[in-house]
Amino acid sequence: MIKKSALNPENAIFRETVPAGEYFLKVVKAGETVQILDLEGNQAADTLFYNAHNPTERYSAVDTIREQGNVYLTAGSKLMSSENNVMLEITADTCGRHDTLGGACSAESNTTRYALEKKCMHACRDSWLVAVTEHEELGMTKRDITHNINFFMNVPVTAEGGLTFEDGISDAGKYVELKAEMDVLVMISNCPQLNNPCNAYNPTPIEVLVWS
Amino acid sequence: MAMLETATPLYDDLIPGGSHWSFIVRRGHVLRLIDETGGASVGMLMYNPENPLERYNMPDTLKNQHTFLLTQGHVLFSDMGRVFASIIRDDLGWHDTVSGTCNADMVEQRWGKKTYQEAHNHHHRNGFSSFLNELAKYGLGKKDLTANLNWFSKVKTDDGGNMAYVSDHSYAGATVDLRFEMDTIVVLHTCPHPLDTAPEYPSHPLRYQLFKAAPVTDADPCKNSSPEATRAFANTALYHMMQS
Ligand SMILES: [Zn+2]
């Protein structure tokens, strides 16, 4: 569902551009709104959310899709935690559909999906592993890296049980906006994937904005 | 029977409905899951006993095989690009791995609360607590709880992505054979599927058996089911080479 934002970027309390292959880590407080903006189009923003006070509670892909009864995320979707609490709600979306089944790329999944010799290419899980290792104060490790949302990715499921990776339906300037229902730690890997035709083999930057 | 080396089970056991159990299956064995009475749903998680940070990965399993359902010919990927197990037999054609598991609130709202004090072994267990109970035996916990498999359950979608649980999908005697390609901690529960709306708390036992698997050849249908599976088998072989 296409729903435009009512917020003005000039009033944002925070703005940061995240180049492809980098991670983004920030606490968004309950009541604040965070926007992820696809600056150049068809970029995948692989995103995890944690309860900022207890990262053992985290975004759960399967609980989210089951509780809303639909495998795609868009405006109106409530993102559920592993403890069955609403973490955030998608309040605006100009893309129309986001994937939460396809997971993130890792060095190891690159070997199976593309070729065994792709194992030393940078991948989303590497970005997250660096993020949690560089922020020891979070007390997080690989154990905390779970199934994520791929904002701007298009992964259609068919009635016959097929699953395909299609070219993105995103474009330059499209965005998704989420209102936090609890204090959440937002951890994004701006995907460095160089093997996927969906991004025309060209990973690009995103921007993250926050409004109070 | 060509994929089994032993015709009679090495081990045969029944897990009652609404319960949980776990064990380690060694590489080269087949775990047979049998829906004893029909209507079963079996939640399952998998970990590498040598390094439990390696666990079943639902997204890698789906995207590597371009599938939303699991059936014969598919392999179950770990998050390290390897194969825990291959589905070498499946009587049903569709198993779910995207719906997660039922929790205490869900079970109470749908089927009421039945405590141990009032119902003893017929009290209402839920999948979430059942998994945690078994995980604790290996030093694992909430952080290790990932998307699980739901054997014998079918959840399909329409063109808009709307999910629908298919009731009466499984029948008495329906069988799934999993050939383990790695040593694996297998965690099981027989609590209801989270989308089951049956009027009574669904309580269906699981019969499980262990067999010795026939050696995996280069012509193996699971190994050759996709280039992605073939590469995952290659990663698994490398892992075993480095262990011995
Ligand atoms: Zn990625």
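The values are calculated or read from the model by the stated rules, or taken from the named source; none is laboratory data. Just so it is clear, the structure is predicted and the values come from calculations on it, not from any experiment. Counting neighbours? That spans all protein chains shown, and the Cβs are built from the backbone with ideal geometry, glycine included. With ligands, DNA and RNA removed, areas are computed over all heavy atoms of the protein, side chains included. Shrake-Rupley method; radii C 1.70, N 1.55, O 1.52, S 1.80 Å.
A few notes on this one:
- Here A:ASN84 does not fit the description of being in contact (Cβ under 8 Å) with a residue 40 or more places away in the chain, under 17 Å from A:PHE49 (Cα atoms) and not aliphatic (A, V, I, L, M).
- Any chance A:LEU25 is more than 17 Å from the chain's Cα centre (by Cα), at pLDDT 95 or above, of a type in the set (A, V, I, L, M, F, W, C) and open to solvent by 10 Å² or more (accessible area, probe 1.4 Å): no
- Unique residue being touching a Lys or Arg at 6+ places or on another chain (Cβ under 6 Å), under 26 Å from A:ALA131 (Cα atoms) and not polar (S, T, N, Q) when the list is A:ASP38, A:ASP46: A:ASP38
- Residue within region B:136-144 that is in contact with a helix residue (DSSP H, G or I) (Cβ under 9 Å, 6 or more places away or on another chain), farther than 25 Å from B:GLU50 by Cα and at pLDDT 95 or above present: no
- The listed residues are A:VAL18, A:VAL27, and the only one of them that is touching a strand residue (DSSP E or B) at 6+ places or on another chain (Cβ under 8 Å), away from chain B (no Cβ under 14 Å), aliphatic (A, V, I, L, M) and within 16 Å of the ligand (Cβ to nearest atom) turns out to be A:VAL18.
- Of all residues in region B:43-73 being more than 7 Å from chain A (Cβ to nearest Cβ) and of a type in the set (D, E, K, R), the one that is farthest from A:LEU101 (Cα to Cα): B:GLU50
- Criterion: in contact (Cβ under 8 Å) with a residue 40 or more places away in the chain and on the phi > 0 side of the Ramachandran plot - qualifying residue of A:PHE152, A:PHE165: A:PHE152
- Residues of region B:79-126 satisfying the condition of being surrounded by fewer than 23 Cβ atoms within 10 Å (Cβ to Cβ), under 30 Å from B:SER225 (Cα atoms) and acidic (Asp, Glu): B:ASP90, B:ASP91
- Of all residues making up region A:112-160, the number that are of a type in the set (Asp, Glu) and either open to solvent by less than 30 Å² (accessible area, probe 1.4 Å) or in contact with a His (Cβ under 9 Å, 6 or more places away or on another chain) (or both): 1
- Region B:150-205, subset open to solvent by 40 Å² or more (accessible area, probe 1.4 Å) and of a type in the set (Ser, Thr, Tyr), residue nearest to B:ILE34 (Cα to Cα): B:TYR171
- Restricted to region A:161-205, and to residues there that are open to solvent by 50 Å² or more (accessible area, probe 1.4 Å), within 16 Å of the ligand (Cβ to nearest atom) and of a type in the set (A, V, I, L, M), the residue that is farthest from the other protein chains (Cβ to nearest Cβ) is A:ALA200.
- The set of residues in region B:36-72 being touching a strand residue (DSSP E or B) at 6+ places or on another chain (Cβ under 7 Å) and within 13 Å of B:LEU92 (Cβ to Cβ) consists of B:ALA40, B:SER41, B:VAL42, B:LEU69, B:LEU70, B:THR71, B:GLN72.
- Residue check for B:ALA229: more than 14 Å from chain A (Cβ to nearest Cβ), in contact (Cβ under 8 Å) with a residue 60 or more places away in the chain and open to solvent by less than 40 Å² (accessible area, probe 1.4 Å): no
- Here region B:69-98 is the region considered, the condition is being in contact with a Leu (Cβ under 6 Å, 6 or more places away or on another chain) and not aliphatic (A, V, I, L, M), and the residue that is nearest to A:SER81 (Cα to Cα) is B:THR97.
- Selection within region B:8-23 - open to solvent by 50 Å² or more (accessible area, probe 1.4 Å) and outside any strand (DSSP E or B): B:THR8, B:PRO9, B:LEU10, B:PRO16
- Across region B:89-102, the qualifying residues are those that are within 16 Å of B:THR61 (Cβ to Cβ) and of a type in the set (Val, Ile, Thr), and the one among them that is nearest to the other protein chains (Cβ to nearest Cβ) is B:VAL98.
- Among (1) more than 10 Å from chain A (Cβ to nearest Cβ); (2) in contact with a helix residue (DSSP H, G or I) (Cβ under 7 Å, 6 or more places away or on another chain); (3) hydrophobic (A, V, I, L, M, F, W, C); (4) open to solvent by 10 Å² or more (accessible area, probe 1.4 Å), the one test that B:LEU76 misses: (4)
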